[in-house]
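> If you scroll down you'll find the structure; I have some questions about it.
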Amino acid sequence: MLSNEELLMKRCIYLAKKGLGSTSPNPMVGAVIVCDNKIIGEGFHKNFGENHAEVEAINSVKNKKLLEKSTLYVNLEPCNHYGKTPPCSELIIKKKIPSVIIGTSDPNPKVSGLGIQKLKNNNINVKVGVLEDECDKLNKRFFCYHKNKRPYIILKWAQSEDGFISPVNQKKGEIFWITSTESRQITHKWRSEEDTIAVGINTIYKDNPELTTRYWNGKSPTPIIIDPNNRIKPNSKVLKKHNKIYHFIDKKIKINNKHSIHINFKKSIHELLNNLHENKVNSILVEGGRKTIQKFIDYNFWDEARCFVGKKKIYDGIKAPEIKNKEWIKKTISTDLLYSVINYSPNKL
């Protein structure tokens, strides 16, 4: 049975999840304020640049005098530095909140224990580590970005029942749908949750995709086009649908456009991830095709993989990517099967 502290931290996590896809490069944070065993205020970080969860929770309390005998619950250490907003630790001190219960400490070097220490230095009772693993997992993207110095990477593809991702004779610009409408809608929901979406130039050349969330009500991720020889055509849909694109071409190519980023393709994955880290990209959804996905697998630069298997058979075509020696979880989605596997541990991020 969960304790009251754990139940209230569960509530923080629930609130924090409402910011999924909207807060990056900031983490998802929820906060709850309790006085005399009653919740008197709560809030979450809604969008990057807007109020943090602690501010939202404090602002929601009608009788501010109650704050002086309340406990603030929050899934991540309150910040102690000026960014888009003032430090939350200062507001907590100013409002004379006597106790703060924290899920986990912040991996950001600008915070990383400093917020906790500031609260303690101002005679606030602080407890850290309530549902710590769950709180770490909630912000796996944020933790990976700061601890591993790279974005969190999710691989996604769809394959036929006989193990192909596309037929050998697929016509250029014609998409061969393997999965159901429901599975495609889920994919677009996933797109709305991540910062970027990565594909190789062959996918652009063959499928001419938009890389948007047209089947889901949410923001579209920023496309990453891996295009060593600068083969992308000016009339590609992806260029028309997005104002911002990360277009990676080989440093030997002299041609530039407004999206060009030159890297050494002998070290392509490393340089690509370094560039995205410098641009504060917290997550990538890698959608294809086989060559691109398999490269991330072979370099072991991935944290999750999601594979839809449809009922169709192709018999001859491009083989699906392969991940070996992992235990997959299976789930039914409409007429398809969804296989997923984790390649990260929150404690190792």
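> Within the range 236-330, what whole-number % of the accessible surface is contributed by carbon and sulfur, with the 1.4 Å probe and all protein chains included in the calculation?
Details: 2560 of 5580 Å².
That share works out to 46 percent.
> Select from the chain the helices, each a whole stretch of DSSP H, whose alpha-carbon atoms run 27 Å or more along the helix axis and whose Kyte-Doolittle mean is at least -1.0; answer none if there are none.
On the way: long enough: none.
Qualifying helices, which must be both long enough and hydrophobic enough, do not occur.
> I've got another one for you. At a 1.4 Å probe, what is the % contribution of carbon and sulfur to the accessible area of the range 45-147?
The nonpolar share, carbon plus sulfur, comes to 45 percent.
> Could you tell me the accessible area of Trp216 in Å² (1.4 Å probe, neighbours in place), rounded to the nearest ten?
Taking all protein chains as shown, Trp216 has close to 100 Å².
> For the range 110-228, what is the accessible area per residue in Å², given a 1.4 Å probe and the full set of protein chains?
43
> Going through the cross-link list Lys244/Lys266; Lys38/Lys140; Lys219/Lys280; Lys147/Lys241; Lys17/Lys94, which pairs have a Cα-Cα distance over 22 Å in this structure?
On the way: Lys244/Lys266 25 Å; Lys38/Lys140 30 Å; Lys219/Lys280 17 Å; Lys147/Lys241 33 Å; Lys17/Lys94 27 Å.
The pairs that break the limit, which is 22 Å between Cα atoms, are Lys244/Lys266; Lys38/Lys140; Lys147/Lys241; Lys17/Lys94.
> Accessible surface of His259 in the full protein assembly, 1.4 angstrom probe, to the nearest 10 Å²?
Taking all protein chains as shown, His259 has close to 20 Å².
> Of Ile197, Ile284, Ile333, which is the most mobile in a GNM of the chain whose springs link Cα atoms less than 10 angstrom apart?
It is Ile333.
> Then there's this: Rounded if a/c is under 1.5, else prolate if a/b is larger than b/c, else oblate: which is the range 182-328, with a ≥ b ≥ c the root eigenvalues of its Cα gyration tensor?
Details: a/c = 1.45, a/b = 1.25, b/c = 1.15.
The shape class here is rounded.
> Please give the per residue accessible area of the range 238-349, computed with a probe of 1.4 Å over protein heavy atoms only, in Å².
59
> Using a Gaussian network model of the chain whose springs link C-alpha atoms within less than 10 Å, name the residue from Lys266, Lys189, Lys291 with the highest mean-square fluctuation.
Comparing Lys266, Lys189, Lys291 in the GNM, the peak value goes to Lys266.
> Still on this structure, I have one more. Which one is right for this structure if mean projected area of the Cα convex hull in nm² is calculated from it: (1) 15.3; (2) 19.3; (3) 21.4?
Only one option fits the structure, namely (2).
> If you don't mind, there's one more thing I want to ask. Leaving out ligands and nucleic acids, note down the accessible area per residue over the range 29-106 with a 1.4 angstrom probe, in whole Å².
Working: 3430 Å² over 78 residues.
Per residue, the range 29-106 has 44 Å² of solvent-accessible surface.
> Would you mind finding the longest exposed-site-free stretch of the chain, with exposed GluC sites (Glu not before Pro) meaning DSSP loop and at most 10 other Cβ atoms within 10 Å? Write down the numbers at each step before the final one.
Numbers: sites that count: Glu174, Glu327.
That would be 1-173.
> A further question follows. Using label points projected 7 Å from each Cα along Cα→Cβ, tell me how many nm separate Lys64 and His270, to one decimal.
Rounded to a tenth, the inter-label distance reads 5.4 nm.
> Another one. Taking a virtual spin label 7 Å from the Cα of Lys244 along the C-beta vector, which residues in the range 16-35 bring their backbone nitrogen under 16 Å of it?
21-27
The values are calculated or read from the model by the stated rules, or taken from the named source; none is laboratory data. Note that the coordinates shown come from a computational prediction; the quantities given were computed from them, not determined experimentally. Heads up, the Cβs are rebuilt from the backbone with ideal geometry, glycines too, and the neighbour counts pull from every protein chain shown. Protein only, heavy atoms only, side chains kept; ligands, DNA and RNA dropped before computing areas. Shrake-Rupley method; radii C 1.70, N 1.55, O 1.52, S 1.80 Å.
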